[in-house]
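Read the structure below first, then the notes.
The values are calculated or read from the model by the stated rules, or taken from the named source; none is laboratory data. Small disclaimer: the values here were computed from a predicted structure and weren't measured. Neighbour counts run over all protein chains shown; Cβ positions are idealised from the backbone, glycine included.
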Amino acid sequence: QVPADLAGRRVLISTGGTREPLDPVRYLGNRSSGKQGVALAETAVARGAHVTLVAANVDLPMPEGVDVVRVGTARELQQEITSRTAEHDVVVMVAAVADFRPAEYADSKIKKTHDPGDPDAAPTITLVRNPDILAGIVADRGAATTPLIVGFAAETGDATGSVLDLARAKLARKGCDLLVVNEVGVDKTFGLDETSVHVLTRGSEAVTDLGPASKSEVSHGIWDVVARSLTVD
Ligand code: C5P
């Protein structure tokens, strides 16, 4: 029995991975498949929500009843998310957004021998920072409590802290309401059908652990937490 606890709620979800073009045939990208965001969209519709899914380079069938907006780059994603944020009750940023993009785009394909003086030289690619979309929509919301903003974090843990320590710090830094954390590694999470996550809530020590389970089951667990947060507000 699927609860109808998102009935009438407008939900905006970003998913997939942005690609930052270098020239007409090459880009800098990442391994995000978009599966988690698609599963969140499908399960939110099942629970009664009206869902807009902003999909960055997602090569998957789209669920019935979801409004899909396709984007390529981080800046396109930013435009589509920020222009829609105010008219939604919940925004979930699942997309893997490239932190950097090439400083310059070459209008024609960069040739292997690009320097006539040195036929064996390799080009240097200079990168510039992309906007942090999640931090931007949190800042624009200001003191308001709507929409409820959910971030995702893929963490590996490192010498400075465990996955959960790093996630707590990220939740504080980003200022979103909920942070869904998954552990990533070479063969964890990206492109796989099963996942495990921890859901952290700003201002609370409680952590909800979900999985290992299908991305659909984990999505329902995330919506349980979101629906509770919406009711509390
Ligand atoms: O800091 P980090 O990239 O780990 O944060 C991940 C979260 O921030 C995700 O929700 C992702 O969608 C979002 N993000 C963003 N803009 C960026 C980088 C990440 O909105 N440039």
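Could you tell me whether any residue of the stretch 97-116 is of a type in the set (Gly, Ala, Ser), touching a Ser or Thr at 6+ places or on another chain (Cβ under 7 Å) and over 22 Å from Val199 (Cβ atoms)? Yes, because at least one residue in the stretch 97-116 is of a type in the set (Gly, Ala, Ser), touching a Ser or Thr at 6+ places or on another chain (Cβ under 7 Å) and over 22 Å from Val199 (Cβ atoms).
Of all residues in the stretch 121-161, those being within 24 Å of Ser219 (Cα to Cα) and away from the ligand (no atom under 15 Å from the Cβ) number 2.
Name the residues in the stretch 2-29 that are on the phi > 0 side of the Ramachandran plot and surrounded by fewer than 18 Cβ atoms within 10 Å (Cβ to Cβ), would you?
First, the residues of the stretch 2-29 that are on the phi > 0 side of the Ramachandran plot: 8, 16.
Answer for the stretch 2-29, where residues must be on the phi > 0 side of the Ramachandran plot and surrounded by fewer than 18 Cβ atoms within 10 Å (Cβ to Cβ): just Gly8.
Among the residues making up the stretch 140-186, those that are under 22 Å from Leu40 (Cα atoms) and acidic (Asp, Glu) are Glu155, Asp177, Glu183.
One line per residue, one yes/no per condition, for (1) at pLDDT 95 or above; (2) more than 19 Å from Val38 (Cα to Cα); (3) among the hydroxyl-bearing types (Ser, Thr, Tyr):
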position	(1), (2), (3)
Ala139	yes, yes, no
Ile149	yes, no, no
Gly157	no, yes, no
Gly185	no, yes, no
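In the set (1) touching a Lys or Arg at 6+ places or on another chain (Cβ under 8 Å); (2) in contact (Cβ under 8 Å) with a residue 60 or more places away in the chain, the condition left unmet by Leu200 is number (2).
Conditions tested, residue by residue: (1) of a type outside the set (Lys, Arg); (2) within 14 Å of the ligand (Cβ to nearest atom); (3) part of a helix (DSSP H, G or I); (4) under 29 Å from Ala143 (Cα atoms).
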{"position": "Gly37", "(1), (2), (3), (4)": "yes, yes, yes, yes"}
{"position": "Ala41", "(1), (2), (3), (4)": "yes, no, yes, yes"}
{"position": "Gly48", "(1), (2), (3), (4)": "yes, no, no, yes"}
{"position": "Ala55", "(1), (2), (3), (4)": "yes, yes, no, yes"}
{"position": "Met62", "(1), (2), (3), (4)": "yes, no, no, no"}
{"position": "Val69", "(1), (2), (3), (4)": "yes, no, no, yes"}
{"position": "Ala86", "(1), (2), (3), (4)": "yes, no, yes, yes"}
{"position": "Val91", "(1), (2), (3), (4)": "yes, yes, no, yes"}
{"position": "Ala98", "(1), (2), (3), (4)": "yes, yes, no, yes"}
